[in-house]
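Below you'll find the structure, written out as structure tokens, and then a few comments.
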Amino acid sequence: MTYVLEGEQKKAACHIFQIGRDTLYRWMQQYQTEGGLAPKSRGKYASRKLDDAVVAQYIADHPDAMLEELGEVFTVSVVAIWKARQSLRITRKKTLLYAERTEPVRAQFQDELADLDPNELVYLDESEVDEASIAPMLVRHAAQR
């Protein structure tokens, strides 16, 4: 800015300092309105680190909590929660098996099906999983895999 304020050409300043014309004009406007070129404050979230122990305990107590919910609880962004989860080695739970599945009951059901006439059966496919109804933040520790 000193170069231009001393009366030198703006085009020459852009060439010498390898900056764009828009950048120079933005800096000039900031200099005129604010009296300097101090960097502006960034972001809406406080720059602080999360306490790993508190985050891990909360996730253990609330395993179905979504990232947005965790962000609201700890007043941080979703990205901050994502990074904290990664540093704690807490992964997204990917197992979607039926929780109450028992092999003896399943075998008994298959035996009952064997006695039925296949031509009289009607098949209904209810095995599709609606991922929208599953919380995106089902978690478990990597050591539990």
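Within segment 85-133, take every residue that is β-branched (Val, Ile, Thr) and not in a helix (DSSP H, G or I) and give me the one that is modelled with the highest pLDDT.
Taking segment 85-133 first, the residues β-branched (Val, Ile, Thr) are 90-91, 95, 102, 105, 122, 129.
Subset that is not in a helix (DSSP H, G or I): 90-91, 95, 102, 122, 129.
Values: 90: 84, 91: 78, 95: 57, 102: 81, 122: 81, 129: 59.
Within segment 85-133, the match that is modelled with the highest pLDDT is 90.
Need the failing condition index for residue 31 against (1) more than 36 Å from the chain's Cα centre (by Cα); (2) free of Cβ contacts under 8 Å to residues at least 24 places away in the same chain, just the number.
With (1) more than 36 Å from the chain's Cα centre (by Cα); (2) free of Cβ contacts under 8 Å to residues at least 24 places away in the same chain applied to residue 31, the lone miss is (2).
One residue is enough: does segment 47-60 have a residue meeting the conditions assigned to a helix (DSSP H, G or I), at pLDDT 90 or above and of a type in the set (Phe, Trp, Tyr)?
Within segment 47-60, one or more residues are assigned to a helix (DSSP H, G or I), at pLDDT 90 or above and of a type in the set (Phe, Trp, Tyr).
Take residue 24 and tell me if it is surrounded by 13 or more Cβ atoms within 10 Å (Cβ to Cβ) and under 30 Å from residue 85 (Cα atoms).
Criteria not met by residue 24.
The values are calculated or read from the model by the stated rules, or taken from the named source; none is laboratory data. In this text, all values refer to a predicted model and were calculated from it rather than measured experimentally. Don't worry about glycine lacking a Cβ; one is built from the backbone with ideal geometry, like all the others, and counts go over all protein chains shown.
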